[in-house]
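The values are calculated or read from the model by the stated rules, or taken from the named source; none is laboratory data. Because the structure is predicted, anything quoted here is derived from the model rather than measured. Cβ: placed from backbone, ideal geometry, glycine included. Neighbour counts: every protein chain shown. Side chains included, ligands, DNA and RNA excluded: accessible areas come from the protein's heavy atoms. Shrake-Rupley method; radii C 1.70, N 1.55, O 1.52, S 1.80 Å.
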Amino acid sequence: RSQLLMLREALLDLHKALLEANQGLESKVSARTDELVKEIRERERYEVELCRIAATDSLTGLCNRATMMDWLAGRLAEFANHRAAPRRLAILFIDLDKFKEVNDVRGHHAGDQVLQVVAARFKERLGRGSVLARWGGDEFLVALEIADHDQTIAVSERLRESARVPIEMEGEHV
């Protein structure tokens, strides 16, 4: 009988040791799971940021050429498949006059500032149903979903006037 008691105590000790080991393993698994969840969330944030960077012009914060091309292709496909409302799509190509002179005389930093200010002005003057992109260099592309030709003219005039407003730089107007 004493051997049975000793065996029982040994089994209870073994059971207790297994429970403690199991709890230790569960704790480690839980901690590692938390680490992995954190890593996954961090990678997801990086992925979102990389997508934003890939779609955006780094200087102006506007859509870049590739993003605009994708948007236009998708919009035109919707029009072709009659999935979009029967509206018109106007494309405005804007090239800044005398921009090369700003870069040549004042340097590229000044040219960058001009692009940033003009981009912000354009963005302010465009409403819903429009997409603004920096096409490259001193070129911008605007896609407008419009009702009529007069609306296109009005928007293009607003943009032209906003680009003509002098930009103050080091006490001078550019």
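Computed from the coordinates I sent, Cα Rg over 2.2 N^0.38 Å equals one of (1) 1.08; (2) 1.36; (3) 2.00. Tell me the label.
(3)
Add -39500 (n - 2.57) for each DSSP H run of 4 or more in the chain, then divide by its residues: what number comes out at 222 nm, to the nearest 500 deg cm²/dmol?
Working: 5 runs with 112 residues, N = 174.
Calculated from helices alone, the mean residue ellipticity at 222 nm is -22500 deg cm²/dmol.
Which whole-Hz ³J(HN,Hα) couplings does the range 28-33 yield from phi under the Karplus relation 6.51 cos²θ - 1.76 cosθ + 1.60, θ = phi - 60°, glycine and proline marked x?
5, 4, 4, 5, 5, 4
Of the options Gly129, Gly107, Ser2, report the single residue whose Cα projects farthest towards the positive end of the charge dipole of the chain (beta-carbon charges: Lys, Arg +1; Asp, Glu -1).
Ser2
Would you mind working out the accessible area per residue for the chain, using a 1.4 Å probe, and quoting it in Å²? Numbers along the way, then the final one.
Values: 12720 Å² over 174 residues.
Computed with neighbouring chains in place, this is 73 Å² per residue.
As I understand it, the value is the acute angle between the Cα axis of helix 65-80 and the longest principal axis of the Cα atoms of the chain; what does it come to in degrees, rounded to 10?
The angle comes out at about 80 degrees.
Cβ neighbours within 10 Å, averaged per peptide: list 105-117, 15-27 in order, most packed at the top.
Working: 105-117: 15.5, 15-27: 10.0.
So the order, starting with the most tightly packed, is 105-117, 15-27.
Report, to the nearest whole %, how much of the accessible area of the chain belongs to carbon and sulfur atoms, 1.4 Å probe, protein only.
Numbers: 6980 of 12720 Å².
Solvent-exposed carbon and sulfur of the chain make up 55 percent of the total.
Please state the charge dipole magnitude for the range 33-174, taken about the Cα centre, from unit charges on C-beta atoms (+1 on K and R, -1 on D and E), reported in debye and rounded to the nearest 20.
Values: 21 positive and 26 negative charges, 106 e Å.
For this selection, approximately 520 debye.
Collect residues whose amide H, placed 1.01 Å from N in the peptide plane, falls under 5 Å from the amide H of Thr56; neighbours closer than 5 in sequence don't count.
Amide H neighbours of Thr56: Asn64.
Across the range 41-55, in residue order, what do the Karplus-derived ³J(HN,Hα) couplings come to in whole Hz, using 6.51 cos²θ - 1.76 cosθ + 1.60 with θ = phi - 60° and x for Gly and Pro?
4, 5, 5, 5, 4, 4, 4, 4, 5, 5, 5, 4, 4, 5, 9
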